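A.B. asks: I have a structure I would like to understand better, so I am pasting it below and will then ask my questions one at a time.
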Amino acid sequence: MTKNEMKERIREIDKERNRLAEEKQSYEKLLRQDMAKEIIDEHRQHIGECYIPTFRINEKDRYIKAFKILEVSNEPNESYARCLVVVDGIRSNCWKESGVVLMTLGLWTYNDLRLMNRESDPKIIDCCRMISEDEFNALFKQYMTNIEDTAGGKR
């Protein structure tokens with residue numbers, strides 16, 4: 001084989017390698033999209049469910065008393081959900097807050113803040129107990145009544 005033939009063969013090999021790499025990337029992209037769709041579909045099954053946090057390794061969200069999942073975010077934020085949240089406690093400053101808030105929560109993010117989490121580590125939603133909609137509505141009404149009483153000057 002001459003030098004020119006070898007160089008030509010190298011170019012052919014490079015073209016083939018690039019074509020195969022592009023084909024591989026397209027398949028990997030399809031698999032990632034498929035997996036994300038499955039995750040979103042799985043998370044969407046929780047829409048309408050109500051929860052009470054039972055314990056938190058991460059203490060920053062202690063002010064959340066209950067929440068109802070209204071919708072799940074799309075890719076790449078499929079770990080987050082828009083929720084109706086009953087809050088009571090200190091949230092972002094030194095003042096106590098109580099009421100009902102529309103909030104986006106990272107329900108399928110890891111509860112323990114580490115640099116590297118294991119797949120078996122609990123997610124936020126794993127640290128919550130599901131309650132009935134009636135129980136949630138009772139809490140919701142209780143906090144709304146407290147707000148109305150406060151706004152009306154009864155407190």
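A.B. asks: Only one of the listed values, (i) 1.68; (ii) 3.72; (iii) 1.01, was derived from the coordinates as Cα Rg over 2.2 N^0.38 Å; which label is it?
C.D. replies: Identified label for the calculated read-out: (i).
A.B. asks: Using the Karplus curve 6.51 cos²θ - 1.76 cosθ + 1.60 with θ = phi - 60°, work out ³J(HN,Hα) for each residue of the range 81-96 in order, rounded to whole Hz, and write x for Gly and Pro.
C.D. replies: Those phi angles translate into 9, 7, 9, 8, 10, 8, 10, 7, x, 8, 9, 10, 8, 8, 9, 6 Hz.
A.B. asks: How far, in degrees from 0 to 90, does helix 3-44 lean away from the longest principal axis of the Cα atoms of the chain, to the nearest 10?
C.D. replies: The angle comes out at about 20 degrees.
A.B. asks: Still on this structure, please answer the following. According to a simple spin-label model (label point 7 Å from Cα along Cα-to-Cβ), what is the distance in nm between Glu23 and Leu70?
C.D. replies: 4.8 nm
A.B. asks: Let me ask you something else. Taking 7 Å along the Cα-to-C-beta vector as the label spot, tell me the Ala138-Ile39 distance in nanometres, rounded to one decimal.
C.D. replies: 3.7 nm
A.B. asks: If you don't mind, another one. Given only helices, namely DSSP H runs of n ≥ 4 each adding -39500 (n - 2.57), what is the per-residue ellipticity at 222 nm of the chain, to the nearest 500 deg cm²/dmol?
C.D. replies: Numbers: 2 runs with 61 residues, N = 155.
Rounded to the nearest 500, the figure is -14000 deg cm²/dmol.
A.B. asks: Please tell me the relative contact order of the range 21-155 in percent, rounded to the nearest whole number, where contacts are Cα pairs under 8 Å and at least six residues apart. Walk me through the numbers before you get to the answer.
C.D. replies: Numbers: 208 pairs, mean separation 29.8, N = 135.
Once normalised by length, the contact order is 22 percent.
A.B. asks: Round to the nearest 10 and give me the degree value, 0 to 90, for the angle of helix 133-151's Cα axis relative to the longest principal axis of the chain.
C.D. replies: Its long axis makes an angle of about 60 degrees.
A.B. asks: Quick check on the exposure proxy: order Val101, Val72 from fewest to most C-beta atoms within 10 angstrom. Could the numbers behind the result be given before it?
C.D. replies: Details: Val101 14, Val72 22.
Exposure proxy ranking, most exposed first: Val101, Val72.
Throughout, read-outs are computed from the coordinates displayed, never taken from laboratory work. Remember, it's a predicted structure, so these values are computed and weren't measured experimentally. In this analysis, Cβ positions are derived from the backbone assuming ideal geometry, glycine residues included, and neighbour counts consider all displayed protein chains.
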